[in-house]
Amino acid sequence: MQRTGYGDESPITAFATTPGNSALTLIRCSGKDSINMIASVFSPQKKLKEAPGNTVVHGWIVNKEKEDPECLEKVDEVLISVFRSPKSYTGEDCFDICCHGGFSAGKAVMDVLKSAGFRDALPGEFTFRAFINGKIDLTRSESVMELVSAKTNESRRHAVSRLSGALEKEINEIKMSLVKVVSGAEVYLDYSEDEVSADADEIAGKLAGIDIARKMLSRLKKLSDSWQLERIYRQGVTVVISGSPNAGKSSLFNCLLKEDRSIVTEIPGTTRDWIEAWVSVEGIPVRLVDTAGLRKSSDSVEKIGVERSIKILKEAHLILYLIDSTQGITEEDYIFLAEYSGRPILLLWTKKDIAPPQGLPEVVDNSPVFVSSKTGEGIAELYPAIGTAILAQISCREADLQMQTGSAVLLGTERQKKLVDAARASLEEALALAEAEEPLDLIAPLLRDAVNSLGEITGEVSTADILEEMFSNFCVGK
């Protein structure tokens, strides 16, 4: 019995949209002989069988009555988008069935498809088949899931860049350049030293190979550094709003969120626990956390809220520390800023609309921002200040500059980062040996290792276990 899993050719199906209260539901099908299988439960059958690729066919999904096989029960009226092999997403015959929304219609259609011989698709199996059939490389495969899980427009833009082949192109260019260096090195290994004369052309060839390898190493370093930046845009950061009671934390939280989530009153200590929400700040996914005011209290509930606030502060990538302009900086503020002096802090003076800032302290690295959550003053300036404070924590200035001009090629996954670092390490070792004038039979294997690591990024070099692990993290239907 053939094991159901990645790599078999059996026809598969899955919901491409979540069934529920919606106008439409989309079901995807793909696989060998799938057109005949769908046609067997479709009316008019002949119209679907003869439909060319990239066309849409209107008709009914039907089910044969058990009592009378000649009698067909209409299940749902559908539109079927037909994609013929090899011009389809998976490279196989592929169909998207658009049926009515709701829980019942989609489930009924799915039941009919399974009775016709389709099995449930595994997570990411459609994209796996696209990769196996040479429609996309591994970097584009991974970008599909990156696009689905993108939290902001900026992270979506990065995923689209990889989906369009920018990363694949960069990796292949580096790899092919290194292949030339390996080929040149192996020419010398194929002959004895007596057979190879050390003329000017041969010396120049060796030096050119070293120069190419150095340039490729520089490009690998840029790619490796880019992961620090991309990880921020993919995974997001935690930004915690902190400060004394009644400094305006909840008001600022609501203002940045553009909705009333936190209770706002003039009574200090209203917020008893932290509350969070995801927002986009300069294209960066930010987990924004509103905390309880930090002060000593005899209220047992408020004390627990303060303890939890201190705990979440330790996880913060950035702290927005609020100072009430009507009160000025207090001894408690100085104590907090001194205690967290080693952490990234952006100082905010609140209630700008009713009081000017008093006694500006020089206790943080960046300039304070003056805001009023009530009138919105200073909020426009706050967004870029938060973005700058977050990006200041990473050391990829060149990648950041390239990204601003739209020319960056960024790594998209930790798997890609590890393989780029492996290629980089092999290349660095090879260059060190070359500079020490060590023999080529020690250098050439390192160059080949670098090439193989780069091939693994695009999937040119891969194993079944690695592929199964990677695609199993996809959502079903992709």
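Quick note: the coordinates plus some simple rules give every number you see, no bench work behind them. Worth saying up front: this structure is predicted, and the values here are computed from it rather than measured. Using ideal geometry, Cβ is built from the backbone for each residue, glycine included, and neighbour counts are taken over all protein chains shown.
Summary of values
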quantity	calculated
Using a Förster distance of 56 Å, the FRET efficiency for residue 339-residue 45 (Cβ separation, nearest 0.05)	0.15
Using θ = phi - 60° and Karplus 6.51 cos²θ - 1.76 cosθ + 1.60, couplings along segment 436-447 (whole Hz; Gly, Pro as x)	8, 6, 6, x, 5, 5, 8, 7, 4, x, 5, 5
Where labels lie 7 Å past Cα in the beta-carbon direction, separation of residue 238 and residue 436 in nm	4.4
Residue 257/residue 104 FRET efficiency (R0 22 Å; Cβ-Cβ; nearest 0.05)	0.05
Cβ-Cβ FRET estimate between residue 149 and residue 119, R0 fixed at 41 Å, reported to 0.05	0.95
Per-peptide average of other Cβ atoms within 10 Å, ordering 154-166, 126-138, 210-222 highest first	126-138, 154-166, 210-222
Relative exposure of 89, 321, judged by other C-beta atoms within 10 Å (fewest first)	89, 321
Long-range HN-HN contacts of residue 42 with modeled amide H, under 5 Å	62
Peptides ranked, highest mean first, by Cβ atoms within 10 Å: ranges 250-256, 146-152	250-256, 146-152
Difference of contour (0.36 nm per residue) and Cα-Cα distance, residue 33 to residue 58	7.0 nm
Other-chain or far-sequence residues with amide H under 5 Å of residue 76's (modelled H)	61
Set 258/478; 74/478; 46/87 screened for pairs whose C-alpha atoms are more than 30 Å apart	258/478
